[in-house]
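Since every read-out is calculated from the coordinates, none of them should be taken as a lab result. As the structure is a prediction and not an experimental result, all values here were calculated from the model. No Cβ is skipped: glycine too gets one built from the backbone with ideal geometry, and neighbour counts run over all protein chains shown.
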Amino acid sequence: MPEGHTIHRIARDQTPRFCDQRLRVSSPQGRFADGAAELNGRILREIEAHGKHLFYHWSGRRILHVHLGLYGRFRRHSVPAPEPRGAVRARVLGREHAFDLNGPTACDVIEEAEMERIRSRLGQDPLRDDADPGAAIERIIRSRAAIGRLLLDQSVIAGVGNIFRAEALFVCGIHPEQPCNRLGPEQAESLWDTLASMLRIGVRYNRIITTDPEDVGKPRSRMTRDERLHVYKKDRCPRCSGVVSSWDCGARTVYACEACQRQA
DNA sequence: AAGAATGTTATGTA
DNA sequence: CTACATAACATTCT
């Protein structure tokens, strides 16, 4: 069986980062079977993420591009791995463990040029070292769109999804329908900082936790699902106990406390 | 068991 | 060009 090494561990929060596992590539299936065969015997050099897009850099200039979308998920099995369940698009087989990739939006073998094409569509990723916060802030305060919509626009800030949008706006006390160009630069900056910090915590704990351990009264590692978020899918505002509103904003459901996040 | 969901893209409209 | 809406896709969970 051909060999390669990979590093895996996907965060369920769609802001994937990884921890180490030495693995071997073997008989992947499905959509990228042909491309994957080319990966056999190649060594994984690096895993890179830009927003929700993952780029696995293999020797020989091959890049495995993965986007988990809504349902994409890596599952870990002990070796020998069971029969693939559902739409397994990739299987990475190691000495002790195997990973199946189910239901991703994207799973393609590409080259540098295509990766650049994809990255050129993406905005600043707060988790990347090369992120330019100023560029994102500039884009925000120039836009006439509602901030709730803009935060989902991956060409402005890459990596923020529906949960982080609702949570960051709540923490910053900004109404989702507030037009961006009526936000002050300090507000845009505080949104960026809040998102960056939330995303980092997401990576560290491998789940979305936006609440403060001080307020909750227990460490993040012991918080229940309900304690991890402020407003997303909540009925009541944790700050004023008022009703949390939800409506459609940018083709997704947004949640906000209209008392604490007043619209100017 | 229908419907929503931690998402993107392609296409059409104003 | 911008902004926005809609549909299509794929899977899990309630």
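Here are some notes:
- A:GLU177/A:GLU46 FRET efficiency (R0 51 Å; Cβ-Cβ; nearest 0.05): 0.80
- For A:VAL216, A:VAL109, A:VAL160, order by how many other beta-carbon atoms lie within 10 Å, fewest first: A:VAL216, A:VAL109, A:VAL160
- For segment A:82-215, the Rg and Dmax computed from alpha carbons only, in angstrom: 18.0, 56
- The tail of the calculated P(r) for segment A:93-170, taken as Cα-Cα distances beyond 22 Å, holds 42 percent of the pairs.
- Additional length obtainable on full extension of the chain from A:GLU112 to A:ARG61, 0.36 nm per residue less Cα span: 17.6 nm
- 14 Å cut-off, amide nitrogen to a point 7 angstrom out along A:ILE141 Cα→Cβ, residues in segment A:148-182: A:180-182
- Dipole size of segment A:133-256 about its Cα centre, with +1 on Lys/Arg Cβ and -1 on Asp/Glu Cβ: approximately 360 debye, rounded to the nearest 20.
- Ranked for footprinting exposure by Cβ neighbours inside 10 Å, fewest first, A:SER78, A:SER155, A:SER190 give A:SER78, A:SER155, A:SER190.
- Going from the residue with the fewest nearby Cβ atoms within 10 Å to the one with the most, A:ARG236, A:ARG91, A:ARG144 rank A:ARG144, A:ARG236, A:ARG91.
- Candidate aspartates and glutamates - alpha carbon under 18 Å from A:LYS218, same-chain residues fewer than 8 apart omitted: A:ASP226, A:GLU227
- DSSP-loop trypsin sites (Lys or Arg not before Pro) across segment A:172-205, with at most 10 other Cβ within 10 angstrom: none
- Net length gained if the chain between A:THR224 and A:ALA264 were fully extended (0.36 nm per residue, minus Cα distance): 11.0 nm
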